[in-house]
Amino acid sequence: MADVITAPAESALAWSPAADWPAPVEYAVAVDRYLASGSLGPPSRRVYRISLASWAWPLAARPRPAGRQRRGAEPPVLPLALLDDDDADRRIAAAIAARSLQADVRTINRELSALRSAIGWWVDMGWICHDPTAGLGMLPGLRPAKAPLTDQQLAALFRIPASLREQAFWHLLSDTGAAATGVLALDARAVDKAGQPTAAAGPMVGPTGWSSGTAELLRWLLSGRTLGPLFLTERRAIERATLADACPLTGRTRMSYRRAAEIFTTATRPLDPAGNGWALHQLRRPQRALSARN
């Protein structure tokens, strides 16, 4: 989330449309007005909106939807004044603790930062009286990385029912040992007709490429497509995306790390004895000879 929305300077309030806005009753309306006050592009505004909307569930004392239930879920309607309740800070703190079991520290801190910025602007506007996040600090550091998956765990992973896209993505991560963000940044032109890497794949794959099984999955995934991101979202973009992040044939956009991580964790919960699911970085293992994987 590269863009940061800041509260308008006091001298700007004389001409800002926000100066004439009455205090909103609903949290969602307050989110809309906050986003309208900043100079954000459509993609960044959409990310902020999703992040801020996600706080509606814990503020209403309801669990956030996860997995497939998250897509299309309507946030609960709640009054903005709920943020002035005595227990608002405790609800937010509890939501952060619960979220830490599902998301990485960086994501949680980004979501908290978005909420804190919005609340600060609402306080400045006089719509609420205090900031319930004031006593909440950012989560320190990163959680210790989980151990790489064993051969047995990988075999179990590759047996579960999952889409072709997921299986190709997971196999590619396991084969290359590359970071998920780097693999998601690949375009279709990084894979040749045989499913093996081209020069456009860069140094992440090494001189020998990846396994024949992964190559076959990628060949099926692309089905001759040579344009757009390698791994696409399930649906067409809601808002116009940059040419580099959209498939000109389907209108679908590049899959995000957040979505890829969520899918992986949800899919692997039944395989995790603790029931929490695995993390994408666990697919990064010390590289073995490709002959052992072919």
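Checking segment 118-135 against the condition returns a match, with at least one residue being β-branched (V, I, T), in contact (Cβ under 8 Å) with a residue 40 or more places away in the chain, within 30 Å of P22 (Cβ to Cβ) and not in a helix (DSSP H, G or I). The number of residues in segment 13-45 being modelled with pLDDT of 75 or more and closer than 17 Å to R116 by Cα comes to 12.
If the condition is being at pLDDT 90 or above, more than 18 Å from the chain's Cα centre (by Cα) and hydrophobic (A, V, I, L, M, F, W, C), then segment 260-282 contributes only L271.
A quick yes/no check of all residues on (1) at pLDDT 85 or above; (2) surrounded by 14 or more Cβ atoms within 10 Å (Cβ to Cβ); (3) touching a helix residue (DSSP H, G or I) at 6+ places or on another chain (Cβ under 9 Å):
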position: L52; (1), (2), (3): yes, yes, yes
position: P58; (1), (2), (3): yes, yes, yes
position: Q69; (1), (2), (3): no, no, no
position: L83; (1), (2), (3): yes, yes, yes
position: D89; (1), (2), (3): yes, yes, no
position: I92; (1), (2), (3): yes, yes, yes
position: I96; (1), (2), (3): yes, yes, yes
position: L101; (1), (2), (3): no, no, no
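Residues of segment 176-203 that are farther than 20 Å from L232 by Cα and in a helix (DSSP H, G or I): A199, P203.
The values are calculated or read from the model by the stated rules, or taken from the named source; none is laboratory data. Since this is a predicted model, take the numbers as computed values, not measurements. For neighbour counting, all protein chains shown are included, and Cβ atoms are generated from backbone atoms with ideal geometry for every residue, glycine included.
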